[in-house]
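Working notes for the structure below.
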Amino acid sequence: MQRRELLRLLAGAGATPWLASLVHSGEPSGWQAEFEASEAPWKLGFETPPADLPEAAATVRGRFPDAVAGTLYRIGPAGHDLGGERYHHWFDGDGMVQRFAIEGTRVRHQGRYVQTAKRVAEQRAGRRLTEAFGTVPPGVEPPTSADAINVANTSVLPLAGEVLALWEGGSATRIDARTLDTLGPKTWRADLAGMPFSAHPKVDPDGTVWNFGVGASQGLLALYEIAPEGALRRAAVLPVADLPMVHDFALTERHLVFLMPPLVYDGKGKPAGSSFLDAHAWKPELGMRALVVDKKDWNRRRMLTLPTGFLFHVGNAWEEPGPQGGARIHVDYVRSDSADAVFTTNRELMRGRRVRSPEPHLTVATLDLGTGRATQELLPLDAEFPRIDPRRTGLRHRRVVHATQVTKERPGFAAVAYTDVETGRSQRFVYGAQAMVEEHVLVPDGRGPGWILGTVLDLAQRKTVLSCFAADQLAAGPVAQAVLPRALPLGLHGVFVPA
Ligand SMILES: [Fe+2]
């Protein structure tokens, strides 16, 4: 099959069997009523802001260092209910971009919904018109394309003066970096319109942007290489047998690394009315496969196998010459025993219920391309949202910033940690029982240790708080904090852009 034909299949409306085959149930959900009746204080993080959040000043304690003068963009699902119907999965909600403008003792915040085609049409109608990742609302029509259900809610990528709001099943969405106006879907090249563009692109130290996309029902993995100024250099699609749900990936100097949990699309085996998520089957017999692709020649690929498990996120990867010749790749990721988090935990919290799932652990894997052997070591640290010094992407990095300390009472984490993945030594700051910790990022500062910047939802104050720590003195607590005059919906990922 020609590349152009594959691209057409991946992108085409009507050529996405998982979308077209779904028949919709008319069952009323009752989830809205259950959520409203829930007395869980943490449900604050999953409420729907009724409108955009106009720019407002935060109350600042301390002073944000010069290196963190700039803008932190964050995004996450925010529009969870409409017309009395509530989504059944955290990942379904319409995306809202949060912009924190930071300068010394001043922090200003603004939040705006991404005006995707889906959101615009549904807000106009006052009800859901089509399905989402984990929910098929009653009475909705089958979507006409992947972008018809694109909610732009997962991550952000600053590129060429704009911000891209990312989802993983369809196009990136262009956002004005200053006003947060939605500018429309990003088309890298006319024949790639509507192609899946995942939410975790990686930026090489030279500025090259790499990304992928998963065509689940076609078993096709799309790859993208984008120049620093934003022009597409290369794109192709590769057939991969039993291609699973892949959320994140890693780079090394010479390779792209995909850890593939055994969560495989199986549209045939699912009842009518299943969501896209429910059309996936857990097949632990496949193991955790590691697909390694040569950056220069995408036809040179290797497949290795790790013990089975699930992941959302990868910290970083790097490579060195192996003892048997061929590269030896080190990759750290956040591993769970099962996919219960995506199937159950992140679903039930939408009706105010806390259901625990196996805790994710920071894990360091070694992929030896010389011997074909793959091994891994689990660090005794629960973790999510791993981030590194962005200058070390694909290079030996050692330190990872991550959320940690799962609590029984609430979803999510109570602390932020900075961990050396080679020694296992870890420093942490515990925000406390009333805080729900979101992703923290590492902001470089010349040759110094840099700064850790991130948000929590403080349930006691019912406000979101932005904190900045000296990276080498995390346990000493924040050097500056900005308390917003509002609580934001819990988000997923963010990026800091220096002024
Ligand atoms: Fe993610």
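Bear in mind that the values in this text are calculations on the coordinates, not laboratory data. Quantities reported herein were computed from a predicted structural model and do not represent experimental measurements. Note that we place each Cβ from the backbone using ideal geometry, even for glycine, and neighbour counts take in every protein chain shown.
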Rounded to whole Å, give me the distance from the Cα center of the range 373-437 to that of the range 194-220. 24 Å
Debye, to nearest 20: dipole size of the range 75-230, +1 on Lys, Arg Cβ, -1 on Asp, Glu Cβ: 480 debye
Roughly how many Å is it from the Cα centre of the range 164-184 to that of the range 278-295, as a whole number? 29 Å
Just name one of 201, 40, 230: the one whose Cα is farthest towards the positive end of the charge dipole of the chain (beta-carbon charges, Lys/Arg +1, Asp/Glu -1). 230
Taking amide H atoms as placed 1.01 Å from N in the peptide plane, list the residues 5 or more away in sequence, or in a different chain, whose amide H sits under 5 Å from that of residue 52. 113
Residue-wise, which Karplus ³J(HN,Hα) couplings in Hz belong to the range 59-76, taking 6.51 cos²θ - 1.76 cosθ + 1.60, θ = phi - 60°, and x for glycine or proline? 8, 9, 10, x, 9, 6, x, 4, 5, 9, 6, x, 10, 9, 9, 10, 8, x
Per-peptide average of other Cβ atoms within 10 Å, ordering 33-45, 58-70, 241-253 highest first: 241-253, 58-70, 33-45
Looking at 293, 68, 370, which one has the Cα that reaches farthest to the positive end of the dipole of the range 3-498 (charges on Cβ: Lys, Arg +1; Asp, Glu -1)? 68
Point-charge dipole on Cβ atoms (K/R +1, D/E -1) for the range 3-498, about Cα centre, debye to 20: 520 debye
Tabulate in residue order the Karplus-calculated ³J(HN,Hα) for the range 422-430, using 6.51 cos²θ - 1.76 cosθ + 1.60 with θ = phi - 60°, rounded to whole Hz; enter x for Gly and Pro. 8, 9, x, 5, 9, 10, 9, 10, 8
Partner aspartates and glutamates whose C-alpha sits under 17 Å from that of residue 118, ignoring same-chain residues fewer than 8 away, are 52, 81, 85, 92, 94, 131, 141, 147, 168, 181
Could you size up the charge dipole of the range 129-189 around its Cα centre, putting +1 on the beta carbon of Lys and Arg and -1 on that of Asp and Glu, and report it in debye to the nearest 20? 220 debye
Nonlocal amide H pairs with residue 288, under 5 Å, H built at 1.01 Å: 306, 308, 309
Which of the lysines could a cross-linker span from residue 296 if the Cα-Cα distance has to be under 20 Å and same-chain partners fewer than 8 positions apart are dropped? 202
Under 18 Å from residue 408, Cα to Cα: lysines that are on another chain or at least 8 residues apart: 43
